[in-house]
Structures are given as structure tokens and as C-alpha cells.
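The values are calculated or read from the model by the stated rules, or taken from the named source; none is laboratory data. Keep in mind that this is a model prediction, so the values were computed, not measured. Cβ placement follows ideal geometry from the backbone for every residue including glycine, while neighbour counts extend to all protein chains displayed.
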Amino acid sequence: MSNVAPSPMSARPGGPLTGTAHVPGDKSISHRALILGAMSVGRTRITGLLEGQDVLDTARAMRAMGARIERLNPGEWIVDGVGVGGFGEPEGVIDCGNSGTGVRLIMGAVATTPITVTFTGDASLSRRPMRRITDPLALFGAEIIAREGGLLPVTIRGAQDAVPVRYQTPVASAQIKSAVLLAGLNAPGQTVVIEAEPTRDHTERMLTGFGATITTEITPEGRVITLTGQPELLGQNVAVPRDPSSAAFPVAAALIVPGSEVRVPGISRNPTRDGLFVTLQEMGADLTWENPRDEGGEPVADLIVRHSTLHGVEVPAERAASMIDEFPILSVVAAMAQGKTVMNGVAELRVKESDRIDAMARGLRDNGVSVDETPDSMTVHGRGVIPGGGAPAATHLDHRIAMSFLVAGLAAQAPVRVDDGGAIATSFPDFVRLMRNLGADLGPDA
Ligand code: S3P
């Protein structure tokens with residue numbers, strides 16, 4: 001994406017947002033469905049797959065290592081897998097584009113198969129830390145060569161005779177946990193991951209669905225997840241629920257634009273992803289959940305959201321992992337609330353697609369909102385108004401920064417601009433059309 005010309009965009013204040021927002025499939029679950037489908041024997045059928053660039057890059061990677069993958073209809077894909085340990089060596093490098101989840105999970109998936117794979121990514125991904133993944137993968141017996149600082153490009157020579165690993169994650173990260181579990185699939189014996197704070201558990205749920213033996217025990221040291229290696233995974237039907245992290249944008253827009261009422265059907269209510277909705281409710285948001293159900297091993301419900309008068313809150317550090325991708329949009333909602341919103345324990349935001357604390361703080365300040373930051377916290381001083389009219393916010397190839405500022409513009413007093421909305425296509429290719437259908441005035445600058 002880094003070689004494509006920037007696409008400046010803006011959003012303007014306007015009337016209420018109304019209607020139904022069918023947000024795309026969950027990004028985390030979409031990556032995992034393709035990777036586990038590729039590591040299974042037989043056919044996996046996926047419906048509701050997110051067709052964003054991040055996930056398409058993962059599909060391409062799985063094909064390059066031997067899986068047969070075909071798109072039948074929009075969102076409907078089939079994967080004929082190669083089985084655990086069955087990946088073939090790809091001819092070229094594996095370019096994961098903008099996707100931290102893609103590159104980190106696939107590194108795990110190849111680390112215990114004796115093939116050599118080189119991974120690259122775009123300018124954003126090439127700045128993100130990879131030692132957090134390559135350090136535990138080396139414990140399985142994989143050989144790793146990385147650029148100075150542990151950055152991409154990274155070459156992994158997978159272990160010939162892998163050994164199982166017991167690993168405590170040093171930071172709350174579902175990507176680290178998942179990389180270790182995927183590597184553990186082709187190691188004999190039991191691989192154990194211990195996490196002090198719970199993180200999204202889609203890998204564990206989906207591994208169970210594909211036939212692996214995996215248990216989670218809650219202990220004083222945290223969650224202890226034990227996987228029995230070398231299972232035969234069998235292809236499955238996977239229905240991908242809609243992404244709560246994408247739902248966050250129309251939900252936030254409806255909350256802050258007067259008169260709005262929006263319905264967002266079929267979104268995942270996995271408790272490891274629910275922190276934003278808990279926080280919004282504490283701020284006074286009018287959220288109604290209807291029709292709770294189970295889809296493909298994940299809890300799902302429909303959400304109705306109405307414009308609300310909001311007040312600032314303190315978000316506890318223990319909640320950070322369950323809403324880690326939602327802090328940029330929360331900081332916009334916080335500006336439209338009355339009083340201070342303090343977000344604690346958010347140091348990980350500094351190593352996402354961009355430094356999200358820095359990106360939001362600068363862009364909000366430019367648009368007239370007062371923000372304080374520390375290395376691991378951000379405080380927004382809400383005055384119930386976003387003046388807007390600032391210089392274009394720098395988005396640093398980060399989809400969530402771009403969408404957050406465009407949502408801000410819908411409730412601001414003057415238009416809000418971003419320097420480049422191109423990265424939105426990584427997770428939410430239909431964002432502009434969906435928001436316009438609700439009545440929003442936003443889009444590419446002429
Ligand atoms: C993800 C985990 C989180 C999240 C990312 C998706 C996943 O990253 O920010 O968007 O699918 O496992 P970390 O594991 O780095 O917290």
C-alpha cells in the first residue's frame with residue numbers, strides 16, 4: 001500500500017445517521033479461518049469472510065505454501081488444506097502488507113515445519129516489533145534471521161525436529177499467544193501458553209472447532225492454555241461474525257451525531273472483545289442488544305445505538321486488552337463527552353499500525369480538542385464539542401486512525417480532514433459507502 005498515491009479524505013457535519021449498518025466480517029477470525037483451513041485435511045468453507053487487503057494477503061500467503069483457496073461468492077470461500085506440517089516452501093517472499101496479525105500468525109504456523117520462508121510488509125509493518133514473536137518461535141527450534149532491531153524482513157527456517165514450548169507472554173497479546181499455539185500444532189507433546197491478562201480467544205475457540213485438544217485453566221498466574229501437538233485438523237464450516245472493531249465506527253458516529261439511531265446486526269459479542277461497549281455504557285451510551293445467539297462457536301447479537309449525552313470516565317488498565325483496537329475511536333467519543341476520559345495501560349497502542357496515542361493526540365489537538373499523554377495513558381478533556389477545521393490529520397498508513405478522524409468530522413463544527421484514507425481498505429473496504437448510506441457526508445477529497 002505504501003507505493004500507492006495518498007488519498008486525502010474529509011468528513012463534514014450534517015444531519016442524523018439512520019438505518020442499518022452491515023459491517024464486514026471479523027478480521028481476527030477471518031485470518032484464523034484461512035490459516036487453520038490451510039493447516040487442515042479436507043475442505044473448509046468460510047462464509048462472511050472479510051475481504052479486506054489484510055485478509056487477502058493472508059489468503060495469498062496460504063496459497064503460496066500449498067493450500068488451494070477459491071472465492072465462490074462475496075464472503076464465501078473454500079480452502080483445501082495441506083494438513084498440519086504440510087506447508088510447502090514458497091517460491092517468493094511472503095508479503096503481508098499492512099497486517100501484523102497476518103505476518104505474526106503465519107510466522108507461528110511455519111516455525112515447526114522444515115521450510116524456509118521470508119516475510120516482508122509495508123512501511124508501517126516494517127517498523128513494528130517482531131522479536132516478541134521470533135523469540136518464542138526460536139524456543140521450538142526454528143532459526144530466525146531478522147533485520148537490525150528484530151524488524152522485517154524476517155526469514156524463518158522452520159524446525160526439523162520441533163520441541164514443545166511452555167511460554168509466558170511478556171505483554172498482553174493475542175498475536176503472540178496465537179503464534180505460539182500455531183507453532184505448537186506441529187510439535188510433539190504439549191505446548192503451553194500462559195497469559196496474565198486475557199486476550200481475544202478466537203484461536204483457542206477455532207482450534208477446538210477444527211478438532212484440536214486445547215484447554216484453558218484460570219490460575220493465580222493467569223490463563224494457562226495447553227495444546228496437544230500434532231493433531232489431525234479436519235476442514236470445517238466457519239461462519240465469520242461481523243467485526244465489533246469495525247462496528248465501533250458507525251456506533252460511535254451514531255452516539256455523537258444528534259438525532260441518530262442505527263442498527264448494527266450480527267456483531268460478535270465475544271467477552272474478550274467487549275471492552276468498548278462496556279466503556280460506552282459507563283459513559284451513558286444508549287445501547288440495546290437484541291437477539292443474542294451463537295454463530296460458529298462465537299456469541300453474536302444485534303445492536304441498536306441512539307445518540308446520547310455522554311460523560312467522561314476512567315477506563316481501567318485491566319480492560320485495555322478487550323478493546324485494544326478501539327481506543328482511537330473512543331478518544332473521539334470522549335471529546336464529544338463532558339469531562340475527562342482517562343485511558344490507562346495503553347502502551348501497546350504505540351506499536352500498532354502507527355503510534356496511535358501520538359497520532360490521535362496530534363490530530364485531535366489540531367482540531368481543537370485538549371489531550372494529555374504519558375507513555376502508557378491518554379487523557380481526553382471532553383467539552384461536548386469538536387471544533388474541527390484543522391490541518392489534515394496524519395494517518396501513518398493506519399486504517400483506524402483514518403476512520404476515527406472521519407467519524408469525528410461528522411459531529412464537528414467544521415470539516416475534519418485526513419491526509420490519506422487508503423489504509424481503510426485493509427479492514428473495512430466498504431466504510432465510505434456504508435457511512436454514506438446512513439446519511440454521513442464523507443469521502444475522498446475532489
Ligand atoms: C489481533 C490482536 C491484537 C489486535 C489486532 C488483532 C489478533 O494485537 O490489536 O488488531 O487478531 O490476534 P496484539 O496481539 O498485538 O495485541
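Close contacts from region 25-41, counting a first residue that is among the hydrophobic types (A, V, I, L, M, F, W, C) and a second that is near the ligand (Cβ under 9 Å from one of its atoms), with Cβ to Cβ under 6 Å and a gap of 6+ residues or different chains, come to 29/202; 35/105.
One residue is enough: does region 214-237 have a residue meeting the conditions of a type in the set (D, E, K, R) and within 12 Å of the ligand (Cβ to nearest atom)? No: region 214-237 contains no residue that is of a type in the set (D, E, K, R) and within 12 Å of the ligand (Cβ to nearest atom). In region 170-191, the residues that are more than 15 Å from residue 212 (Cα to Cα) reach residues that are near the ligand (Cβ under 7 Å from one of its atoms) and of a type outside the set (A, V, I, L, M, F, W, C) with C-beta atoms within less than 7 angstrom, at least six apart or across chains, in these pairs: 171/348; 172/199; 173/199; 174/199; 174/200; 175/100; 175/101; 177/199. Between 409, 388, the distinction of being surrounded by 18 or more Cβ atoms within 10 Å (Cβ to Cβ), in contact with a Pro (Cβ under 7 Å, 6 or more places away or on another chain) and in a loop (DSSP other than H, G, I, E, B) belongs to 388 only.
Which of the residues spanning region 48-79 are in a helix (DSSP H, G or I) and over 19 Å from residue 425 (Cα atoms)?
Those that are in a helix (DSSP H, G or I) and over 19 Å from residue 425 (Cα atoms): 62, 63, 64.
Exactly one residue out of 215, 116, 112, 203 is at pLDDT 95 or above, over 23 Å from the mean Cα position of the chain (by Cα) and buried (at least 23 other Cβ atoms within 10 Å of the Cβ): that is 112. Of the residues 280, 227, 287, which single one is free of Cβ contacts under 8 Å to residues at least 60 places away in the same chain, touching a strand residue (DSSP E or B) at 6+ places or on another chain (Cβ under 9 Å), within 30 Å of residue 387 (Cβ to Cβ) and surrounded by 23 or more Cβ atoms within 10 Å (Cβ to Cβ)? Selected residue: 280, the only one of 280, 227, 287 that is free of Cβ contacts under 8 Å to residues at least 60 places away in the same chain, touching a strand residue (DSSP E or B) at 6+ places or on another chain (Cβ under 9 Å), within 30 Å of residue 387 (Cβ to Cβ) and surrounded by 23 or more Cβ atoms within 10 Å (Cβ to Cβ).
Among the candidates 191, 112, 120, the residue that is farther than 27 Å from residue 230 by Cβ, among the polar types (S, T, N, Q) and more than 16 Å from the ligand (Cβ to nearest atom) is uniquely 120.
The residues in region 157-180 that are away from the ligand (no atom under 16 Å from the Cβ) and touching a Leu at 6+ places or on another chain (Cβ under 7 Å) can be counted, and the count is 1. Candidates in region 345-364 are the residues that are of a type in the set (D, E, K, R) and part of a helix (DSSP H, G or I); of these, the one that is farthest from residue 397 (Cα to Cα) is 348.
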